[in-house]
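One structure below.
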Protein chains: 2
Amino acid sequence: MLFTDEYYMKMALKEAVYAYEEDEVPVGAIVICNNRIIGKGYNQTERLKDVTAHAEMIAITAASNYLGSKFLEECTLYVTLEPCLMCAAALKWARISRLVYGARDLKAGYSLTSNKVLHPKTELTIGIMENECGSLLTEFFREKRNG
Amino acid sequence: MLFTDEYYMKMALKEAVYAYEEDEVPVGAIVICNNRIIGKGYNQTERLKDVTAHAEMIAITAASNYLGSKFLEECTLYVTLEPCLMCAAALKWARISRLVYGARDLKAGYSLTSNKVLHPKTELTIGIMENECGSLLTEFFREKRNG
């Protein structure tokens, strides 16, 4: 099924799998505008040794480059995990139209601090492909624990 | 006077002046480790059309590149303006040892949301060269209003 939230979340999940394959915490994100991908990213904090290299940040920068605009007012960001405070605040600055995330982040999700971090105009959808998004993370950390 | 907070804040202010000269909201930041500058940055959100290009984010990435580590546990970040939520959360991820800022940001400072955004081990110093840091911003916005 084209252009559904599941369709796009599957693409974000594909990005997350790239992170997994590179031994990074598996989180992936894409930015959609008019049914087109205009930005994507996966977590690269280890490879780049840079805490700012979260999937969402990379996808935001890519989408802004594509549009030539720092505002993403007609865009939706799909991300496999609830954004942290850094990424949620970046999405606020970008005035993203819509945020869709898969799994809740009970350790570092922005909503643990405040539900008012996002821009008041940003529409929020939660839990799309939650199990698939969450399982990839669970598997990653299980493997890490078991060496 | 070498190696005082004022000494380093003056360097951050110099970065802020670069932003001012490029018609960007004038905020500058530097990262110090063992009395050496290992990262610096000034706000480039307009030039790069990228909301993530705050002074602090650029300075964090530069310092991490220099150290080859995503953690900045022995470092101090000096910034002319109170960090926003995005930058404060990035500083938490980086486990910065110490944050020193000049002027309060009564519109978008992280402390408006929560004082618990920073890492619990991050030492905080506020108000170094507050007037100089704030005046540059006031002047910038006054000019903007007057066209």
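The values are calculated or read from the model by the stated rules, or taken from the named source; none is laboratory data. In this text the structure is predicted, and so the values were computed from the model without any measurement. Neighbour counts run over all protein chains shown; Cβ positions are idealised from the backbone, glycine included. With ligands, DNA and RNA removed, areas are computed over all heavy atoms of the protein, side chains included. Shrake-Rupley method; radii C 1.70, N 1.55, O 1.52, S 1.80 Å.
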Checklist entry - Any chance region A:87-95 includes a residue that's more than 18 Å from residue B:117 (Cα to Cα), open to solvent by less than 30 Å² (accessible area, probe 1.4 Å), within 12 Å of chain B (Cβ to nearest Cβ) and without any contact (Cβ under 8 Å) to a residue 60 or more places away in the chain? => result yes
Checklist outcome for this item: For region B:69-86 the number of residues that are among the aliphatic types (A, V, I, L, M) and open to solvent by 10 Å² or more (accessible area, probe 1.4 Å) is 2
Checklist entry - Quick one: is residue B:30 touching a helix residue (DSSP H, G or I) at 6+ places or on another chain (Cβ under 6 Å), under 23 Å from residue B:130 (Cα atoms) and not in a strand (DSSP E or B)? => result no
Next on the checklist: Here's a check for you: in region A:30-68, which residue that is away from every other protein chain (no Cβ under 13 Å) and closer than 17 Å to residue A:136 by Cβ is least open to solvent (accessible area, probe 1.4 Å)?
Outcome noted: A:30
Next on the checklist: Given the criteria more than 17 Å from residue A:27 (Cα to Cα) and either modelled with pLDDT under 95 or not hydroxyl-bearing (Ser, Thr, Tyr) (or both), does residue A:94 qualify?
Outcome noted: yes
